[in-house]
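Asks: Okay, handing you the structure first.
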Amino acid sequence: MLAEHDALLVVDVQRDFLPGGALGVPRGDEVVPVLTACIDRFKRRNLPIAASRDWHPSNHCSFHEFGGSWPPHCVAGTAGAELDPALQLPTDAKIVDKARSTNRDAYSAFDETELHAWLQEHGVKRLFIGGLATDYCVQQSARDALKHGYAVVLLKDAMRAIDPVAGEGIIEELCSLDASVIRYGDMLDE
């Protein structure tokens, strides 16, 4: 199933988005073992792996205290902003930081990052996406990937939504935009 021009994008699997974190996604920890297996599969095939993370300043506009919708989370340099170490990302994985500006929010891994240029340098044509949360950062990253012309494959068992019902609707909507959906087990037929 995996091919030469494929890459994996792990979206925001950070401590603050895991259960018990500042903005924990329900059952978000369930994506970690699936993504770890995906990372291992991409590593064995020498395919590019990227990961995004929220990397907010402490006075970010998305925080309640500054008029935003969210509690403080993923503040740059804090333990909550760290990617889950259980992912075991390879040392050559591309890490992109987003939402770094005080007065501007960014949900997409492509928003004001070097992700698109990096994927182009690696000849990527198809992007497998998993992470947190389906109804926010995964959705926006997938939309932008489609806009940039990548074939998008959503890893359904490697995503969780803040609102599971909304998450299912998002997946259907992304499929209507030509994304496809698989489960990790579907990758095992190689």
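Please treat every number below as a calculation from the coordinates, not as lab data. This is a predicted model, so every value here is computed, not measured. Note that we place each Cβ from the backbone using ideal geometry, even for glycine, and neighbour counts take in every protein chain shown.
Asks: Would you call Leu87 in contact (Cβ under 8 Å) with a residue 12 or more places away in the chain, in contact with a helix residue (DSSP H, G or I) (Cβ under 6 Å, 6 or more places away or on another chain) and buried (at least 16 other Cβ atoms within 10 Å of the Cβ)?
Replies: Values: in contact (Cβ under 8 Å) with a residue 12 or more places away in the chain: yes; in contact with a helix residue (DSSP H, G or I) (Cβ under 6 Å, 6 or more places away or on another chain): yes; buried (at least 16 other Cβ atoms within 10 Å of the Cβ): yes.
Considered against the rule, which asks whether it is in contact (Cβ under 8 Å) with a residue 12 or more places away in the chain, in contact with a helix residue (DSSP H, G or I) (Cβ under 6 Å, 6 or more places away or on another chain) and buried (at least 16 other Cβ atoms within 10 Å of the Cβ), Leu87 comes out as yes.
Asks: Can you confirm whether Ser108 is surrounded by 13 or more Cβ atoms within 10 Å (Cβ to Cβ), out of contact with any helix residue (DSSP H, G or I) (no Cβ under 9 Å at 6 or more places or on another chain) and in contact (Cβ under 8 Å) with a residue 12 or more places away in the chain?
Replies: Answer is no for this residue.
Table: residues versus (1) more than 26 Å from Asp157 (Cβ to Cβ); (2) in a loop (DSSP other than H, G, I, E, B); (3) touching a residue at least 24 places away in the same chain (Cβ under 8 Å).
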{"residue": "Ala3", "(1), (2), (3)": "no, yes, yes"}
{"residue": "Pro72", "(1), (2), (3)": "yes, yes, yes"}
{"residue": "Val96", "(1), (2), (3)": "no, no, yes"}
{"residue": "Thr102", "(1), (2), (3)": "yes, yes, yes"}
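Asks: Report yes if Gly68 is in a loop (DSSP other than H, G, I, E, B) and free of Cβ contacts under 8 Å to residues at least 24 places away in the same chain, otherwise no.
Replies: no
Asks: Also: Can you pull out the residues in the range 104-129 that are among the aromatic types (Phe, Trp, Tyr) and either in a strand (DSSP E or B) or within 15 Å of Val11 (Cα to Cα) (or both)? Break it down stepwise before answering.
Replies: Going residue by residue through the range 104-129, those that are among the aromatic types (Phe, Trp, Tyr) are 107, 110, 118, 128.
Tyr107, Phe110, Phe128, listed by residue number.
Asks: Something else about it: Does Asp157 satisfy the criteria of being charged (D, E, K, R) and buried (at least 22 other Cβ atoms within 10 Å of the Cβ)?
Replies: Working: charged (D, E, K, R): yes; buried (at least 22 other Cβ atoms within 10 Å of the Cβ): no.
No, not satisfied.
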